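Note sheet for the following structure.
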Amino acid sequence: MNFKFTTAGESHGKALIAIIEGLPSGLKIEIEKINHELWRRQQGYGRGGRMKIEQDKIEILSGVRHGKTLGSPISITITNRDFVHWEKIMASEEIEELPKNPRIVKRPRPGHADLAGGQKFQTRDLRNILERASARETAARVACGAFAKQLLQNFGIEVLSHVIKLGNIPESPLTVSWREIKNIPDDSLLRCADNDTQDEMVKHIDEAKENGDTLGGIFEIVAKNIPVGLGSHTSWNEKLDGRIAQAIMSIQAVKAVEIGNGVENAGLFGSEVHDEIIFENNNYKRARNKAGGLEGGITNGEELRVRGYKKPISTLRKALKSVDIDTKKEDLAAFERSDITAVTAAGVIGEAMLAIILANSMREKFGGDSMVEMKRNYDNYIENLKEF
Ligand code: EPS
């Protein structure tokens with residue numbers, strides 16, 4: 001059974017919803033851990049006013065009984081507290097009279113889904129597009145990822161993220177060890193492991209804010225204790241690096257994905273890139289990890305390192321030129337309250353997406369309808385590996 005999930009919900013609608021399928025029965029679910037992940041996603045210097053309104057918490061509606069999964073579909077909701085300000089504008093039933101300020105969007109933002117989405121779905125109120133394109137949807141993904149993390153935790157797998165570049169600070173992305181990433185406090189301003197660099201990043205965000213501008217950056221996700229052998233070299237769609245790339249690229253505003261040192265490696269000699277194989281403590285290892293834990297689309301037991309490159313947020317107070325879709329005349333793009341930057345949040349969302357991909361691979365490889373069965377299959381495999 002694969003780990004599958006679907007989300008629903010508009011940014012200013014009533015709630016976000018998700019359905020998760022494919023978890024075995026008997027998995028202990030700690031709701032505080034899920035809410036903690038939701039809280040982590042809301043952190044980060046440079047977020048907008050909306051984060052003061054929302055205090056994301058999940059409600060589980062099905063699939064979990066007395067703190068353990070049943071093996072049936074799990075359904076969850078997260079309330080949008082902001083909905084009280086949007087009840088008429090976002091009502092699902094027809095309304096007689098629009099409010100005074102109906103918040104209809106006619107001036108698409110460059111870089112946003114507004115215009116292409118409006119043309120595709122033939123809607124002349126671009127709010128119909130932006131409401132679902134909004135990264136608010138990622139709260140539901142992080143909740144699903146928190147379920148995946150709780151499965152992975154049973155196999156000793158941990159997933160964390162940190163920010164290695166914000167705008168142009170520092171010039172080259174930071175290189176940081178697992179221990180240093182683990183030491184970043186959850187209430188850190190930007191989840192950057194280096195305090196001096198983080199101070200510079202904060203100044204850079206202040207500068208962008210002052211100028212009515214926005215910033216992007218690079219986050220890195222690291223997963224530890226992954227068994228050898230998730231993913232497969234045998235077919236294009238089984239290669240784990242390909243699946244990870246799709247999952248990370250699907251995060252709003254992510255425009256490039258890198259595995260290990262993939263970008264830098266392209267410009268080096270083979271001898272400078274490939275990680276030599278050693279045998280130590282009865283185990284195969286790599287002398288270093290420029291491959292980022294994947295070879296041939298298969299995990300090799302090293303740390304999995306994935307980077308997401310996020311473009312600057314496309315809602316700018318200092319609006320760029322656009323066109324009014326009714327008058328067809330040049331106008332400035334619409335401005336709505338928004339974030340200056342959200343790279344830290346994107347890292348937490350990246351953790352969730354990577355955890356989901358890994359949980360799916362673990363379910364594919366070790367199967368089982370219950371946790372007991374899945375663990376037995378895992379233990380047998382690990383035992384067999386020792387003979388190799
Ligand atoms: C977003 C715009 C802002 C962000 C939002 C994503 O929301 P609002 O328009 O309500 O101020 O805060 O992110 C979230 C609400 C969230 O939970 O991450 C956008 O246009 O993508």
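Read-outs throughout are calculated quantities, based only on the coordinates presented, and are distinct from any laboratory measurement. What you see is a predicted model, and the numbers here were worked out from it, not measured in a lab. As a convention, Cβ positions derive from the backbone with ideal geometry for all residues, glycine included, and neighbour counts pool all protein chains shown.
Things worth noting here:
- Total formal charge among the other residues, if their Cβ is under 12 angstrom from that of His233, Lys/Arg +1 and Asp/Glu -1: -2
- Other-chain or far-sequence residues with amide H under 5 Å of Ala15's (modelled H): Glu10, Asn80
- Label-to-label distance for Met1 and Lys285 is 3.8 nm, based on points extended 7 Å past Cα in the beta-carbon direction.
- Neighbourhood net charge (11 Å Cβ-Cβ; Lys/Arg +1, Asp/Glu -1) for Trp39: -2
- Whole-angstrom gap from segment 1-39 to segment 146-222, using each part's C-alpha centre: 24 Å
- Of the residues Pro173, Pro102, Pro24, the one that moves most in a GNM of the chain with alpha-carbon contacts below 10 Å is Pro102.
- Across the alpha-carbon set of segment 200-262, the Rg to Rh ratio works out to 1.14, Rh being the Kirkwood radius.
- Charges were assigned to the Cβ only: +1 to each Lys and Arg, -1 to each Asp and Glu. The resulting dipole of the chain about its Cα centre is roughly 640 debye.
- Pairs beyond 19 Å (Cα-Cα), from Lys165/Lys255; Lys88/Lys328; Lys14/Lys149; Lys28/Lys149: Lys88/Lys328; Lys14/Lys149
- Residues listed by number, segment 11-51, amide nitrogen under 19 Å from Leu98 label point at 7 Å toward C-beta: 11-13
- For Glu373, Glu10, order by how many other beta-carbon atoms lie within 10 Å, fewest first: Glu373, Glu10
- Neighbour counts of C-beta atoms inside 10 Å place Asp206, Asp194 in the sequence Asp206, Asp194, starting with the fewest.
- Once the Cα-Cα distance is subtracted from the 0.36 nm per residue extended length, the Ile17 to Thr327 segment shows a gain of 107.9 nm.
- Leading residue at positive end of dipole, the chain (Cβ point charges), from Pro102, Asn281, Phe83: Pro102
- Difference of contour (0.36 nm per residue) and Cα-Cα distance, His36 to Ala91: 16.8 nm
- Here the contact order of the chain, divided by its residue count and restricted to Cα pairs under 8 Å and six or more residues apart, works out to 23 percent.
- The helix-only estimate of mean residue ellipticity at 222 nm for the chain, built from DSSP H runs of length n ≥ 4 each weighted as -39500 (n - 2.57), is -9500 deg cm²/dmol after division by the residue total.
- Here Gln122 and Ser370 are evaluated by their C-beta separation; at R0 = 35 Å the FRET efficiency comes out at 0.15.
- Each Lys or Arg adds one and each Asp or Glu subtracts one; over the other residues with Cβ under 10 Å from the Cβ of Phe366, this totals +1.
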